[in-house]
Amino acid sequence: AWVKQIDQHLEAGNFQRAGEVADKALSERPDDAELLELRKLVAQGAERASRADELTAEGEALCAQGRADEGVALLEKALQLDERSVARITLRDVFVSRAQDSVDQDWRAAEALADRALALDPGHALAKSLRAEALDKKREELIDQCASKARRLQAAGDFEAAAAEVQRVLALYP
């Protein structure tokens, strides 16, 4: 029963409570090898979570100072240490914010940043919206390029190639 309780607290990321239960269990069975190993796991998990919190705070500070690449690197390290950490939300929010800032100037960057945010939180509405906006800009750019190329081909008298260019883009964006 002790092992199950400790495991449940570990899975939930509640290292303090897992430690308390492990200590209580060890007071009853101090030589139990499994309990001793679980206590070590609890300590390691708590240490990783603490380090993840430190890295998250440092990463947030760097992002706030305009050093987003360095901040993102620390937030990603924090996430590697503890999947349940607040780093996931912070990292998602950094990607969303950067996508918002770039969507009008660089749809490619905005799309990539929105994709990274959605990888962390697939249901995030703003990230979905930014990705859709970036894809709309991609479509507009491709259509503009197609129209320009088709006009050049038409002006050169190559009506067949002009029509093929239009058909190519229509196949992508009916």
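Which one is most open to solvent (accessible area, probe 1.4 Å), of the residues in the range 1-42 that are without any contact (Cβ under 8 Å) to a residue 40 or more places away in the chain and outside any helix (DSSP H, G or I)?
D31
Do we have any residue at all in the range 86-93 that's more than 30 Å from L41 (Cβ to Cβ) and in a helix (DSSP H, G or I)?
yes
Please enumerate the residues belonging to the range 43-64 that are open to solvent by 50 Å² or more (accessible area, probe 1.4 Å) and under 15 Å from L79 (Cβ atoms).
Within the range 43-64, R48, S50, R51, D53, E54, A57, E58, E60 meet the criteria.
Test I89 against the criterion of being open to solvent by 60 Å² or more (accessible area, probe 1.4 Å), among the β-branched types (V, I, T) and more than 27 Å from the chain's Cα centre (by Cα), and give yes or no.
In short, no.
Do we have any residue at all in the range 95-107 that's among the hydrophobic types (A, V, I, L, M, F, W, C), more than 28 Å from G13 (Cα to Cα), open to solvent by 20 Å² or more (accessible area, probe 1.4 Å) and part of a helix (DSSP H, G or I)?
Yes, the range 95-107 contains a residue that is among the hydrophobic types (A, V, I, L, M, F, W, C), more than 28 Å from G13 (Cα to Cα), open to solvent by 20 Å² or more (accessible area, probe 1.4 Å) and part of a helix (DSSP H, G or I).
Select from the range 133-162 the residues that are open to solvent by 50 Å² or more (accessible area, probe 1.4 Å), under 36 Å from the mean Cα position of the chain (by Cα) and among the aliphatic types (A, V, I, L, M) and write down the one among them that is modelled with the highest pLDDT. Don't jump to the end; show me each part of the working.
At the first step, the residues of the range 133-162 found to be open to solvent by 50 Å² or more (accessible area, probe 1.4 Å) are 133, 135-141, 143-145, 149, 151-152, 154-156, 158-160.
Checking the rest, the ones that are also under 36 Å from the mean Cα position of the chain (by Cα) come to 133, 135-141, 143-145.
Retained after the next criterion (residues that are among the aliphatic types (A, V, I, L, M)): 135, 143.
Numbers: L135: 96, I143: 93.
Top of the filtered list is L135.
The values are calculated or read from the model by the stated rules, or taken from the named source; none is laboratory data. Owing to the predicted nature of the structure, the values given are computational and were not obtained by experimental measurement. Please note: Cβ atoms are built from the backbone with ideal geometry, for glycine as well, and neighbour counts cover all protein chains shown. Ligands, DNA and RNA are stripped out before the accessible areas are found, and what is left, the full protein with its side chains, is counted by its heavy atoms. Shrake-Rupley method; radii C 1.70, N 1.55, O 1.52, S 1.80 Å.
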